[in-house]
Amino acid sequence: MSKTKPMIRKNKPSDVEFARIGLRILAWIIDIVFIYIIAWVLLFLSFWSIEIPFFIILNTLAYLIGLFYFCLLESINGQTLGKLLLGLKTVDEDTFEVSSFTENLKNCILKCHWFPCIIDLIIGIFKNSEDMKKKLRIMQNFSNTCVIRT
């Protein structure tokens, strides 16, 4: 006999409105701009003088800040600054509750920088063509998350 709890949906699927692609991209752009502002400020406060090219350090720092930013905020309440401003939320696709940190880490690993995020989106669009309202990015398949309107 299994001691696992049955999965209970807080929201019925009919109560859930999945976020449109335009709003999701706009929320991501807001977040990326915010992350790059933080990275620029940190680099200038550190009095940049290392021989490594500035753009390499900036992009690496922005990626690390972004990974921390997306994982932490989406694990706390499912919303980053961009999602909060646009009324969106990342949730577990089965329970429609805030996802665990591990699931959010899987979801966020490619969206912290523009290039891997575009690849993630393109592959996701082709793979999820029958389920476009629910999932757009391939990493959402691995993390079992979706983005809904709040």
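Would you be so kind as to identify which of 88, 104, 64 lies farthest towards the positive end of the dipole of segment 17-149, taking Lys and Arg as +1 and Asp and Glu as -1 on Cβ and the Cα centre as origin?
The listed residue farthest towards the positive side: 88.
Against the longest alpha carbon principal axis of the chain, how many degrees, from 0 to 90 and to the nearest 10, is the axis of helix 114-127 turned?
It works out to around 30 degrees.
If you place +1 on the Cβ of every Lys and Arg, -1 on the Cβ of every Asp and Glu, and leave all else neutral, what size is the dipole of the chain about its Cα centre, to the nearest 20 Debye?
The dipole magnitude comes to about 460 debye.
Would you list the P(r) distribution for the chain, with all Cα-Cα distances sorted into 5 Å bins from 0 and each bin expressed as a whole %?
Pairs per bin, as whole percents: 2, 10, 17, 21, 19, 12, 8, 6, 3, 2, 1, 0, 0.
Determine, for the chain, the count of lysine pairs separated by eight or more sequence positions (or lying on different chains) whose alpha-carbon distance falls under 18 Å.
Pairs that pass both the separation and distance tests number 22.
Karplus couplings for segment 66-79 from phi (6.51 cos²θ - 1.76 cosθ + 1.60, θ = phi - 60°), rounded to Hz, Gly and Pro as x?
Coupling constants for segment 66-79: x, 4, 4, 4, 5, 5, 5, 5, 6, 7, 7, 9, x, 9 Hz.
With contacts defined as alpha carbon pairs under 8 Å and 6 or more residues apart, what's the relative contact order of segment 17-149 in percent?
About 30 percent, as a whole number.
Cut-off is 10 Å between beta-carbons; in what order do 41, 147, 16 appear when sorted fewest neighbours first?
By the 10 Å Cβ count, ascending, the order reads 41, 16, 147.
None of the figures in this text is laboratory data; all of them are computed from the coordinates on show. In this text the structure is predicted, and so the values were computed from the model without any measurement. Cβ: placed from backbone, ideal geometry, glycine included. Neighbour counts: every protein chain shown.
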